[in-house]
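The values are calculated or read from the model by the stated rules, or taken from the named source; none is laboratory data. Fair warning: this is a prediction, and the values are worked out from it, not measured in the lab. All Cβ positions, glycine included, derive from the backbone under ideal geometry; neighbour counts span all protein chains shown. Accessible surface areas use protein heavy atoms only, side chains included; no ligands, DNA or RNA. Shrake-Rupley method; radii C 1.70, N 1.55, O 1.52, S 1.80 Å.
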Amino acid sequence: MSESIFVKDLNVWFDKNHALKDVNITIPKNEITAIIGPSGCGKSTFIRCINRMNDLVTKCKVTGEVKVDGQDIYDKDVDVVEVRKNIGMVFQKPNPFPKSIFENIAYAPRIHGKDEDKSLRGTKVSKYSKKELSDLVERSLRRAALWGEVKDRMEKSAYELSGGQQQRLCIARALAVDPQVILFDEPCSALDPIATAKIEDLLVDLKKDYTVVIVTHNMQQAARVADKTAFFYLGELIEFSETKKIFESPGEKLTEQYITGRMG
Amino acid sequence: MRRRTKERLFFLLFRGCALVVALALLIIVGNIVLLGIGTISWEFLTQFPKRNFTDGGIFPAIVGTLYLMTLVMLIAVPIGVFTAVYISEYQGKSRFANWLRVAVNNLAGVPSIVYGLLGLGMLVLFFGWGFSLIASAVTLAFLVLPLVITASREAIQAVPSSLREASLALGTTKWQTIRHHVLPYSLPGILTGVILSLSRAAGETAPILLTGVVLTKSILPQDIWDTFMAMPFQLYALATQTVFEKTQDFQYGTALVLLVMVVLMNLVAIIIRNKYREKYKW
Ligand SMILES: Nc1ncnc2c1ncn2[C@@H]1O[C@H](COP(=O)(O)OP(=O)(O)OP(=O)(O)O)[C@@H](O)[C@H]1O
Ligand SMILES: [Mg+2]
């Protein structure tokens, strides 16, 4: 398996709060990697380093190296906008735009334009035609298993959808930009079991084409969908290996305590 | 028992206060409407005043006030909105932004006559703009800027950060996020604030009195460097004349038109707010 995300000596501070400590991890391509750990241990902080969302927090300081597809995304010459185009993110609470279903998906592609040549990394772009754009919207919605439910009401507000549908809309929205990596921060925590199951199926399906990283509080969810699992505790990466191994024979005492529920 | 009497007493007290307010409003508005309505006619709205404001109409004063409001809006809205965007989206934590916030809050409390003096000293005399529409408009723009900035800031900050993150995470720039999301979603709030502050400016007398308004003028303002007539000043000037009884109808008519204009603006603001409160409920 080739590597997708390579993290070396990653440290994050919020003011004086040392939120991540010397994290080293290599996340493989086309697999699902789950991030687990107690609340406040730095899971969100970690994945928000991968698409540089932490840049938005003024008092946040990041040191170390994060490479995505061989490119150091914290390099001075790197355009953070390009980084985020390449690395999609789905948030804990569904956050569709208060616009139509169609507009939610079409917004970013319309801004980015169509890549004439993928290898040129967005240097040669042209505008999407109307037809191409609606094809792209349809493709993204199909990929997110939402098309059937919304195809007759594309012009309706995204706020009319149920929570689970909204979350799949957010996934479709991320897919429409055609990223290589998709980060999920507890994507199901606001959803019921049926909606959750749908998203889990989708995740497994997505890993064929994307590298998927998912933060979850739900141990069963990690066990069900993830190929590899990383356990964080108090800002440190305690253990990272095959999901099966983490859940059946964890190498660390802390991991075992956590997954057996003997720790908060 | 005693407790219930006390309870009842307080209730009556509160209700009494509320009644005083309602009554005062009713008397003022009722008075103006009753005494002014008889004067209102097509001629009154479309003609120049004749025979020392005893005949004819207030057309140039209406037009002057409308010109003035348009200019104030053109000046204050872009500056106010962009300042609000700068403070809340770009430089929230910088010393400059903090200083700006304090300045804006304090400016809102400055009496309007002070703005008038500033306009007179700086725009009319120092810049040599003379007594003019533009000098008055800029002076009034200064006056409403704090209101526009505060209203815009509140509207902008009401847009949930989850939507900004959603947009940025798609690889769009900060400006694209502001342009396509933050501004459109906060527009109703901004608009409401703008209209309310304009309606405040519409009735201001002191700032224009010192910078460009005149009582009589035989033609409409020809350009922004020209002087102009305006309703609040006309009202003030006629009411303080020694022969004010003669122009009483004219005064009430002017007051009514001004009142209707301000009420209409407030009404539009309320309608916009209610309409969009439904659309963007986070
Ligand atoms: N924007 C921020 N400003 C200041 N401190 C922050 C910020 N975001 C996170 N932190 C701090 O960083 C630490 C890690 O937080 P993080 O959100 O990554 O935890 P988490 O593992 O995702 O928790 P949860 O499971 O509750 O989502 C916490 O101590 C938190 O207080
Ligand atoms: Mg979190």
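Based on DSSP H runs of at least 4 residues, each adding -39500 (n - 2.57), what is the mean residue ellipticity at 222 nm of chain B after dividing by all its residues, to the nearest 500 deg cm²/dmol?
-22500 deg cm²/dmol
Could you state the principal axis extents of the C-alpha atoms in chain B, from the largest down, to the nearest angstrom?
72, 68, 33
Roughly how many debye, to the nearest 20, is the charge dipole of the protein assembly as shown about its Cα centre, given +1 on each Lys and Arg Cβ, -1 on each Asp and Glu Cβ, and no other charges?
1260 debye
Buried accessible area between B and A (1.4 Å probe, both chains summed, ligands and nucleic acids excluded), in Å² to the nearest 100?
Chains B and A together bury roughly 1800 Å² of accessible area.
I need the shape label for region A:38-131. Rule: rounded when a/c is under 1.5, else prolate if a/b > b/c, else oblate, with a, b, c from the alpha carbon gyration tensor.
Taking the square roots of the gyration eigenvalues as a ≥ b ≥ c, region A:38-131 is oblate.
Averaged over peptide A:95-102, how many Cβ atoms belonging to another chain are found within 10 Å of each residue's Cβ?
Mean shielding count: 4.
Using Cα-Cα distances under 8 Å and only pairs 6 or more residues apart, what relative contact order does chain B have, in percent?
Relative contact order for chain B comes out at 26 percent.
Determine the percent antiparallel among the DSSP beta bridges restricted to chain A, to the nearest 5.
Bridges in chain A that DSSP calls antiparallel: roughly 60 percent.
Leaving out ligands, DNA and RNA but keeping every protein chain, what accessible area does B:Trp129 have, in Å² rounded to the nearest 10, with a 1.4 Å probe?
B:Trp129 exposes around 70 Å² with every protein chain in place.
Ordering B:Phe53, B:Phe10 by how much accessible area each has at a 1.4 Å probe, largest first, what is the list?
I get B:Phe10, B:Phe53, largest accessible area first.
For region B:149-167, which residues drop by 30 square angstrom or more in accessible area between the chain on its own and all protein chains together (1.4 Å probe)?
B:Leu163, B:Glu165, B:Ala166
Residue farthest toward the positive end of the dipole of region A:3-259, with Cβ of Lys/Arg at +1 and Asp/Glu at -1: which of A:Leu141, A:Gln221, A:Ala106?
A:Ala106
Would you calculate a helix-derived [θ] at 222 nm for chain A, using -39,500 (n - 2.57) for each DSSP H run of n ≥ 4 and dividing by the full residue count, to the nearest 500?
Rounded to the nearest 500, it is -10000 deg cm²/dmol.
Taking every DSSP beta bridge that has both residues in the protein assembly as shown, what percent is antiparallel when rounded to the nearest 5?
60 percent
Per residue of A:76-83, count partner chain C-beta atoms within 10 Å of its C-beta, then hand back the mean as an integer.
Partner-chain Cβ atoms within 10 Å, mean over residues of A:76-83: 2.
As I understand it, the value is the acute angle between the Cα axis of helix B:59-85 and the longest principal axis of the Cα atoms of chain B; what does it come to in degrees, rounded to 10?
Long axis of B:59-85 versus the principal axis of chain B: about 20 degrees.
At q = 0.13 Å⁻¹, what is the log10 ratio I(q)/I(0) for the protein assembly as shown, with the Debye formula run over Cα points and no solvent?
-1.19
Might you report the magnitude of the Cβ-based charge dipole of chain A about its Cα centre, with Lys and Arg at +1 and Asp and Glu at -1, to the nearest 20 debye?
560 debye
Just want the answer: with Cβ charges of +1 for Lys and Arg and -1 for Asp and Glu, which residue in B:Ile58, B:Val104, B:Met261 is farthest toward the dipole's positive end in chain B?
Positive-end residue among those listed: B:Val104.
Pairing the Cα long axis of helix B:248-279 with the longest principal axis of chain B, what angle in degrees results, from 0 to 90 and rounded to the nearest 10?
Approximately 20 degrees, to the nearest 10.
Can you pull the Rg over Rh of region B:125-231, Cα-only, Kirkwood?
Rg/Rh for region B:125-231 comes to 1.19.
Can you give the translational diffusion coefficient of region B:30-152 in µm²/s, computed by Stokes-Einstein from the Kirkwood radius over Cα pairs at 25 °C and 0.890 mPa s?
Estimated via Stokes-Einstein, D reaches 144 µm²/s.
Roughly how many debye, to the nearest 20, is the charge dipole of region B:57-279 about its Cα centre, given +1 on each Lys and Arg Cβ, -1 on each Asp and Glu Cβ, and no other charges?
Magnitude of the dipole: close to 740 debye.
Among residues other than A:Ile111 whose Cβ falls under 11 Å from its Cβ, what is the net charge (Lys/Arg +1, Asp/Glu -1)?
Its environment carries a net charge of +4.
Which three numbers, in whole Å and largest first, are the semi-axes of the equivalent ellipsoid of region A:3-259 derived from its Cα gyration tensor as √(5λ)?
30, 22, 16
If DNA, RNA and ligands are ignored and the probe is 1.4 Å, what is the ranking of A:Leu191, B:Leu107, B:Leu9 by accessible area, most exposed first?
Accessible-area ranking of A:Leu191, B:Leu107, B:Leu9, largest first: B:Leu9, B:Leu107, A:Leu191.
Between the helical axis of B:95-107 and the dominant principal axis of chain B, each derived from Cα atoms, what acute angle in degrees is found, rounded to the nearest 10?
30 degrees
Straight-line reach from A:Lys93: which lysines have Cα under 18 Å away, leaving out those fewer than 8 places along the same chain?
A:Lys43, A:Lys198, B:Lys281
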